[in-house]
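The values are calculated or read from the model by the stated rules, or taken from the named source; none is laboratory data. The structure presented is a predicted model; accordingly, all values stated were derived computationally and were not measured. FYI the Cβ positions are ideal-geometry reconstructions off the backbone, even for glycines, and counts take in every protein chain you see. Note: areas computed on protein heavy atoms with side chains; ligands, DNA, RNA excluded. Shrake-Rupley method; radii C 1.70, N 1.55, O 1.52, S 1.80 Å.
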Amino acid sequence: MASADMFPNVSFSDVNAAASQEAAGKAVFGLGPASGAARLSLVRPGAEQAFQIDLSDAQIFKLGQMEWLCVSGETEAKAGVEEKLFSRAIKVVLRTEAESKAFSLAFQRWKQQTISGTAGESLENGSIVACKSKFDTKIEASSAQMYFHYYGQLLHQQNMLQDFVRTGTYYAAVMENRSDFEGKVVVDVGAGSGILSLFAAQAGAKHVYAVEASEMVEHAQRLISGNPSLGQRITIIKGKVEEVELPEKADILISEPMGTLLVNERMLESYVIARDRFLAPDGKMFPTTGRIHMAPFSDEYLYVEMANKSLFWQQHNFFGVDLTPLHGSAFDGYFSQPVVDAFDPRLLISPSTHHTLDFTSMKEEDLYEIDIPLSFVSSVGTRVHGLACWFDVLFNGSTVQRWLTTAPGSPTTHWYQLRCVLAQPLYVMAGQEITGRLHLVAHSAQSYTIYLTMSAKMWGVGAEPGGILQTSTAKLELKEPYYRLSQPQAYMPQDQQQLPLSSLQAQGSGQQMQDGLSPGITVEQERDSAAFTR
């Protein structure tokens with residue numbers, strides 16, 4: 001049996017208590033005499049009772065050089081009432097920085113023992129193993145590692161902060177609704193640099209808990225410490241919202257969980273989990289709801305650009321090798337990439353429809369699979385090249401309702417818009433109905449597979465009711481988009497879009513030559529996920 005670790009001169013206080021006073025005593029890490037489980041005992045001199053913290057579900061958070069917050073789950077049993085789980089938070093203060101570091105190491109060592117078991121200890125059917133959190137069970141470890149590494153870098157945080165539509169809208173939504181923040185407890189879900197936490201503190205929040213799982217917490221701590229008038233009301237907590245414990249319920253959640261097409265990166269699920277774990281009844285969420293907007297579009301230049309990408313594989317003599325057997329696979333591969341760019345709204349051939357996600361009431365499981373029926377009426381006779389999508393979110397404040405939109409024609413954001421291009425376009429006449437289905441299926445790489453079906457219904461006198469004239473389908477990977485030029489593309493009126501393919505190819509090549517590029521070469525903007533995949 002491991003020998004206990006003792007810290008004889010500490011002071012501690014129960015944060016949950018209404019009138020808690022800091023008391024001197026000792027902290028002892030050891031095993032419970034009955035259960036044999038690792039625990040932390042905080043004992044006052046001469047007191048029979050001690051705070052007993054079960055390390056199996058406990059966490060510690062550093063408040064200062066010598067101050068720690070120990071949070072654990074507790075149960076409370078009352079006569080005639082079922083046991084109720086709640087969190088207990090104990091503040092522990094050490095004498096020196098050396099003791100503080102030793103206390104942290106001892107906590108981690110004894111907690112690890114509860115996960116891996118002591119030497120030679122086993123269960124009836126095998127060894128004790130660590131339990132995975134809900135996040136870990138549904139997300140690939142490699143994807144999560146890349147994701148948190150990415151958002152742990154300042155250059156990507158800067159890219160998002162410099163999206164002034166995004167940052168400015170959040171600032172306005174908070175400041176215009178000060179009554180929702182003044183004197184309130186706020187949880188910032190996926191805090192990143194901590195900018196939203198600082199906004200909440202500016203609006204008068206009583207306290208802000210900034211939860212962030214990446215190494216960005218170190219930068220956030222420095223930023224918040226550099227703004228002491230605000231930072232004294234902000235506590236940074238490193239960890240996933242699925243795993244961390246907080247000492248109190250939140251009056252309001254604030255987060256920026258939106259990705260491309262609103263749902264990419266699957267952070268909305270963590271936002272909903274945070275709601276269920278931390279938000280008090282009748283609490284608010286900023287943002288409150290989100291909407292995915294969709295409309296069919298016609299863009300001959302984009303279609304030809306996509307098709308031309310696979311021309312490389314039509315070479316019969318590439319250093320003596322015939323590449324044509326791979327042309328079909330390459331063609332399908334390029335059309336499996338959603339296009340992320342800013343486009344002219346005049347390319348849309350019908351008013352848009354939308355699908356609403358209410359963050360305040362939806363279940364996490366509702367985001368595993370999203371099925372959206374499509375129905376449009378074409379305003380012109382043209383070729384339909386696919387479905388254009390964008391999103392907006394609502395900050396439903398008590399004073400002001402503010403929208404953040406990524407719509408075409410609106411000021412461009414780092415999300416841009418997204419288009420699903422059909423490998424086989426549809427031909428429609430003005431007034432003809434277009435139906436279909438947009439089906440999003442989540443996967444473990446923190447994104448979605450997109451299944452798109454679009455059909456042109458029979459039209460005109462004598463048409464069979466409900467009959468389908470032609471149908472086109474596509475399967476696309478939201479995680480692997482084609483990042484196009486970031487500025488809106490030149491608009492071409494519908495009556496000029498029906499040019500022969502060879503003519504369009506020649507025009508495209510000529511334009512590329514004017515730009516100093518070889519024919520058939522397209523420019524892809526550097527793949528910067530913070531600029532796009534969010």
J(HN,Hα) series, the range 163-177, from Karplus relation 6.51 cos²θ - 1.76 cosθ + 1.60, nearest Hz, glycine and proline x: 7, 6, 5, 4, 5, x, 5, 4, 4, 5, 4, 6, 5, 6, 10
Loop trypsin sites (Lys or Arg not before Pro), the range 354-416 (other Cβ atoms within 10 Å of the site Cβ: 13 or fewer; DSSP): K363
Per-residue ³J(HN,Hα) for the range 428-442, Karplus 6.51 cos²θ - 1.76 cosθ + 1.60, θ = phi - 60°, Hz, x for Gly and Pro: 9, 10, 4, x, 7, 7, 10, 10, x, 7, 10, 10, 10, 10, 6
Net charge of neighbours whose Cβ lies under 10 Å from the Cβ of A213, counting Lys and Arg as +1 and Asp and Glu as -1: -2
Cβ-derived FRET efficiency at R0 45 Å, R346 paired with V321, nearest 0.05: 0.55
Using alpha carbons only: equivalent-ellipsoid semi-axes of the range 165-210, gyration tensor based, whole Å: 15, 14, 7
Inter-label distance for E215 and E369, nm, one decimal - labels placed 7 Å from Cα along Cα-to-Cβ: 3.9
HN-Hα J in Hz across the range 328-334 - Karplus 6.51, -1.76, 1.60, θ = phi - 60°, x for Gly and Pro: x, 5, 5, 4, 5, x, 5
Estimated FRET transfer efficiency when R0 is 60 angstrom, pair T356-L105 (beta carbons, to 0.05): 0.75
The range 254-366 - share of DSSP beta bridges that are antiparallel (%, nearest 5): 90
Average accessible area per residue (Å²) across the range 327-398 - probe 1.4 Å, nucleic acids and ligands excluded: 38
Residues of the range 206-233 with amide N under 16 Å of a point placed 7 Å along Cα→Cβ from L63: 207-210, 231-233
Calculated FRET efficiency for the pair S410/E243, C-beta based, R₀ 25 Å, to 0.05: 0.10
Share of carbon and sulfur in the accessible heavy-atom surface of the range 206-297 [1.4 Å probe, %]: 46
Partner lysines for K184 [C-alpha distance under 20 Å; skip if fewer than 8 residues away on the same chain]: K206, K249, K284
Accessible area per residue, Å², the range 133-183 with all protein chains present, probe 1.4 Å: 51
